[in-house]
Amino acid sequence: MFPNPEVSEVTLEDYLKILQKRLNLIIAILVIFPLAVTIFVFTAQPLYRATASILIERVSPQTQITKVDDVLSPRMQDYQYYQTQYDILRSRTLAERVFDELRLSKDLEFKDSKDPIGKLQNQINIQPVKNSSLVLINAYDFDALKASAIANALANVYIKQDAETKSRVIRQALGWLEAQVGDVKKKLEDSELTLNKYLQENKIIAGSEIGERETALQKLKTERSKLETELATALKRYREKHPKIIALNGQLSELNKNIEQETENLRLLGDKMIRYNILKKEVESNQQLYANMLERSKQADIIEKAESTSIRVIDPAKPPRAPFKPQKGKSIITSLFFALFFGVGLVFFLEYLDSSIRTADDVTLYLKLPFLGYIPSTGKEVISAAERSLICHQKPQSTITEAYRACRTAIIFASPEDRPLKSILITSAVPGEGKSFFALNIATIFANINERVLLLDIDMRRPTIYKALRFDLKPGLSNFLTGNINLETIIKPSPVKNLSVITSGTIPPNPSELLSSGKIHVLFEELKSKFDRIVIDSPPILSTADTSLLANMVDGVILVLKGGVTRLQAITRARDKIVEAKGRVIGAVINNIAPEKEDRYYYYHYYYSEEGKKKKA
C-alpha cells in the first residue's frame, strides 16, 4: 500500500520497502527488456547514414560584384528563399533525377517497391544547420556505399539544377536587356536630333551667349548711372535749357532705349535657353541610361558564360564505417536505464493501485488495530491437505508453527488481567482468507501449553473444520441448538492432546435464528466452565449476520486477512461492523504471506529464533 502522508510521516525507508517488496518485478524487467533489446540489435540489419554538407548562399559571388541580382533573379529576393531551397531538396522532381542518375531502377531494393521514388525520398533527410547557410544532406541505406552515393548525387543534382535555373533566368534577362538597349538607343538618337534642330532654328551658338548679353546689359546700366550723376552735377550749374543739359538728356534717353532693347533681347534668349536646357537634359539622361543598359548587357553576357550557381559542396559524403542504427552499446545501456526507470515507476504505480494489507505497519497505521502476527504461506513445507490443516501438530519445529506460537504470545499479552480471553472469535472480512485454518492451528498451539481448548465451528453455512479433522459433520452445534441432543454428545476429541472439537452439525435453513436464541448464551457459559479457552470459527462477517450476533458474546475477536489480497476497504468495514455489534477486536493476523519479502524485521526475528532452536537441539 502506498504511504499516506495524512496517516503518518512518509520517509525514504517507506519507499525503499516498496521497492524491496516488488524487487523481483524490477529484476525481471531489468533482465527481460535489455535482453530483448540485445537480441534485436544483434539480429537487426545495420542501417548506414552518409552525410554531405552544402553551402547555399543568398546571392552568388558574381551577382554581388556586378550588382545585377535585382534584374537577373527576382525569385532570389523572396523572403522565403531558404525555405524554398529546403523544399526543392526534398522535392520529388529532384529525387527522380537522383533515381535516374544512379540507375536505381535496376537495384533490387527499389525494383520490388510500388513507389520507388517515394522510397528514395524516405531515405533522405534534409537538415539545415542552425544560424548558418549550411545544409546537411543525410542519406540512409543498408549499404554504406549506396548511402554515400545517394547523398552525393542529390547534392550534385541540386547544384546542377540551380545552375540551370539561374542560367535560364540570366538568358531571359539578357534578352530583355538587349531589347531595352535598342529602345534606349533610338530614344537617345531622337532626343539628340531634336536638340540640334532647335539650336539651328533659334541660332543658339552656345550656352555662354546669355552670359555675354548679361555683361553688355550690365555695362549699359553702369554707363547710365555715370550719365545720371553727370547730369545732376550740371543741373547745379546750368538751367534746363542749357545746351549741355539738353545734350546730356539726349544721351540719357538714348541709353535707356538701348537698355530696354537689350533687356528684351535677354528675356527672349532666356526663354529659348529654358527649352534648350530641357532638350539637353533629355539627351544627357538618355545617354546615361544607354550607357548603363549597355554595361549591364555586357555584364549579363559575362555572367552567363561564367558559373552562375551560388551553391557549392563543402564536404562530400563518404561511406560510413559504422552503422547509424542499431548502435549496440548505446541501445543496450539506454534499455537498461529505461528498464530501471520503467520498473521503478511500474512498482510505485502498482503500489498506488494496491490497497491490500500486507505488513504490520498497514494494520497499525490504517486499521488502527494491534498486530498479532504473520502466518507464512505453507509453500513446500507441507505436501497433503491434511498435513496443512494440522501443520502445528504435524510439524512442531516448522517456521509456520513458530509463527503460531508468536501469535499465541501476542494474544496472551492482549488479555487484560480483569478479563482474560477465554472465548476468542475468529473471523474474516470475506471468504477464502484462511480463518478456519488459523482457528484450527491456533487452538492446537494453545492446547500445546496444556490448556483445555475447545474448537467450536459456528460456520453453519460452509463448514470446513470437520473436513480438516476428517470428522462427521453431525452431530454438532446445530443439532444441539435445536434441542435434539445433549452437550456431551457433540464434544469430540481430536488428534491433538487437550484439544476438543464441536462441529457445526447439520446445516440448518436459518443459522442466524439459531444463533440469536438464548440457548447460545447458556452454551457459552457452560463451555467456559469446562474449558480453559474456547476458539470459535465463525463465518466471514461481511457475508452474513451470524458473526455480528456472536461478537458481543465473546471476550475478543480476531480478524484474519489474506496478505496482499484483502483490501483495506473490506477489512475496515469488517472492523467497523464488529465495533457496531459491541464486540472487542483484539487484533489482526496477516495470513498466507512471505514475511521475508514484506517485513524483513519480522523475518530476521524468526530466522534467528529458528537457528537458536536448532543449535539447542
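The values are calculated or read from the model by the stated rules, or taken from the named source; none is laboratory data. From a predicted model like this one, the values you see are computed outputs, not experimental measurements. So basically every Cβ, Gly included, is an ideal-geometry build from the backbone, and we count neighbours across all protein chains shown. When the accessible area is computed, the model is the full protein with side chains, heavy atoms only, and any ligands, DNA or RNA have been set aside. Shrake-Rupley method; radii C 1.70, N 1.55, O 1.52, S 1.80 Å.
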Residues located in the range 321-358, provided they are part of a loop (DSSP other than H, G, I, E, B) and more than 24 Å from Gly583 (Cα to Cα):
Arg321, Ala322, Pro323, Phe324, Pro326, Gln327, Asp354, Ser355, Arg358
Could we say that Val501 is aliphatic (A, V, I, L, M) and touching a strand residue (DSSP E or B) at 6+ places or on another chain (Cβ under 6 Å) here?
yes
Apart from one, (1) assigned to a helix (DSSP H, G or I); (2) under 59 Å from the mean Cα position of the chain (by Cα) all hold for Ile520; the odd one out is (2)
Need pairs with beta-carbon distance below 7 Å; first residue within 26 Å of Ala149 (Cα to Cα) and within the range 39-54, second part of a strand (DSSP E or B) and acidic (Asp, Glu); sequence gap 6+ or separate chains.
Tyr48/Asp141; Ala52/Asp315; Ser53/Asp315
Criterion first (closer than 21 Å to Glu164 by Cα and either open to solvent by 20 Å² or more (accessible area, probe 1.4 Å) or modelled with pLDDT of 70 or more (or both)) does Ala306 satisfy it?
yes
Given (1) modelled with pLDDT of 80 or more; (2) surrounded by fewer than 22 Cβ atoms within 10 Å (Cβ to Cβ), where does Pro416 come up short, assuming only one miss?
(1)
Segments classed as strands (runs of 3 or more DSSP E), wholly inside the range 398-510, with at least 3 members that are within 12 Å of Asp537 (Cα to Cα):
423-428, 453-457
If you go through Asn286, Asn265, Asn258, Asn292, the only one that is assigned to a helix (DSSP H, G or I), modelled with pLDDT of 70 or more, open to solvent by 40 Å² or more (accessible area, probe 1.4 Å) and under 30 Å from Trp176 (Cβ atoms) is Asn292
Is one or more of the residues making up the range 401-408 more than 30 Å from Lys186 (Cβ to Cβ), of a type in the set (Lys, Arg), at pLDDT 85 or above and over 46 Å from the mean Cα position of the chain (by Cα)?
yes
Name the single residue that is surrounded by the most Cβ atoms within 10 Å (Cβ to Cβ) among those in the range 140-149 being outside any loop (DSSP other than H, G, I, E, B) and in contact with a Leu (Cβ under 7 Å, 6 or more places away or on another chain).
Ala149
Of residues in the range 10-31 being exposed (fewer than 13 other Cβ atoms within 10 Å of the Cβ) and under 26 Å from the mean Cα position of the chain (by Cα), the one nearest to Glu351 (Cα to Cα)
Ile27
Go through the range 243-254 and give me each residue that's open to solvent by less than 60 Å² (accessible area, probe 1.4 Å) and not small (Gly, Ala, Ser).
Ile245, Leu248, Leu252
Can you work out which of the residues in the range 93-127 that are over 18 Å from Tyr140 (Cβ atoms) and in a helix (DSSP H, G or I) is most open to solvent (accessible area, probe 1.4 Å)?
Lys106
Output yes when any residue across the range 163-178 is of a type in the set (D, E, K, R), modelled with pLDDT of 85 or more and at negative phi, and no when none is.
no
Considering only the range 567-617, state which residues are modelled with pLDDT of 55 or more, out of contact with any Gly (no Cβ under 6 Å at 6 or more places or on another chain) and in a loop (DSSP other than H, G, I, E, B).
Ala581, Lys582, Gly583, Ala594, Asp599
Scan (1) at pLDDT below 85; (2) touching a strand residue (DSSP E or B) at 6+ places or on another chain (Cβ under 6 Å) for the single condition Val554 breaks and write down its number.
(1)
Condition check: modelled with pLDDT of 85 or more, out of contact with any strand residue (DSSP E or B) (no Cβ under 8 Å at 6 or more places or on another chain) and open to solvent by less than 10 Å² (accessible area, probe 1.4 Å). Does Leu523 satisfy that?
yes
Under 6 Å between Cβ atoms, at least 6 apart or on separate chains: pull out the pairs that start in the range 156-179 with a residue that is among the small types (Gly, Ala, Ser) and end on any residue that is outside any helix (DSSP H, G or I) and at pLDDT below 75.
Ala163/Ser308; Ala163/Thr309; Ser167/Ser308
For Asp457, only one of the following conditions fails: (1) within 60 Å of the chain's Cα centre (by Cα); (2) more than 27 Å from Ile411 (Cα to Cα); (3) open to solvent by less than 10 Å² (accessible area, probe 1.4 Å); (4) not hydrophobic (A, V, I, L, M, F, W, C). What is its number?
(2)
What number of residues within the range 338-374 are among the small types (Gly, Ala, Ser) and either at pLDDT below 85 or touching a strand residue (DSSP E or B) at 6+ places or on another chain (Cβ under 8 Å) (or both)?
4
